[in-house]
Amino acid sequence: MKNSIENKYLIRARKARVLHKQIERLSIAQQKLGYVRLEKPVRHGWFKHLVLRQDIANREDAAVFQEIVKIAAKWIWGRDKPHVNKEWERAAENNKLFQFPGFKFIEKDRYKLLSGKAKKYFKEYELYWSPWLGSVKAYYCLVPSYYFVPGYTKAYLTHRKVIDGELERRIAELEVQLNQRELYPYSLYAGGYPGKWARVNYHRKQRRRIKMALVHFEEETLERKMRKHLPLW
């Protein structure tokens, strides 16, 4: 009796997984349709962002700060100026980190685009550490916030997304099936794949390295291997 119940749940979980894969395949096909360029741009709200203060823009090294603004400045969109101001204030309130509003943390690939002079105004910061990714680092701007003032730029729509009605209909049908009472607990929407599908199949070589580190235990060696994202089990 117990085996039959387990098999029933396993069949449901497998069916939910198949539906998810079909939805993913159709969604990728929809994305690959891409966009078409509009003959004439359409006005679409405003962007609010930081620009250099006028006296800073007149300095000899203004190009360095312009480069920093281009790479690290955050652009906030709104339907009109009152709306974009509200969104700007909301983004500032939700900023729980020490990076001042209007600027964002930049990743290593963006940091490499900066010139040597611009890199001097950024500092490395460890956002978090995980067993899978290791130390996740980013860079934040050290330029004083009073070097910048808020500016506005008109926003335009220049492209339109291509939508296939048949693909959209098929995706909707599959989502209806996935949202059925029997299948929903096993869907990704409910966080429900069985554990074995969520486990990482670590390479044998990695497991061997961590095993030998435990056999010949040395704190420095183990710490170094942990930083290389090796599993601890």
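Quick notes
- What the phi angles of segment 100-109 give under the Karplus curve with 6.51, -1.76 and 1.60, with θ = phi - 60°, is a coupling list of 5, x, x, 10, 10, 5, 10, 7, 4, 5 Hz, glycine and proline written as x.
- Ranked by the mean number of other Cβ atoms within 10 Å of their residues, highest first, the peptides 168-176, 54-62, 14-22 come out as 14-22, 168-176, 54-62.
- Residue order, fewest to most beta carbons within 10 Å, for Ser135, Ser187: Ser135, Ser187
- Length released on extending from Ala73 to Glu89, taking residue separation times 0.36 nm less the Cα-Cα span: 4.2 nm
- The string of couplings for segment 77-83 from the Karplus curve (6.51, -1.76, 1.60, θ = phi - 60°) is 9, x, 5, 8, 5, x, 5 Hz, one whole number per residue in order, with x for Gly and Pro.
- For Gly151, the residues whose amide H sits under 5 Å from its own are His49, Leu50, Val51, ignoring neighbours fewer than 5 places away on the same chain, with H placed 1.01 Å from N.
- DSSP-assigned coil residues among chymotrypsin sites (Phe, Trp or Tyr not before Pro) in segment 46-133, each with at most 11 further Cβ atoms within 10 Å: Phe98, Trp132
Quick note: the coordinates plus some simple rules give every number you see, no bench work behind them. No experiment lies behind these values; they were computed from the predicted model shown. Glycine gets a Cβ as well: all are built from the backbone with ideal geometry, and neighbour counts include every protein chain shown.
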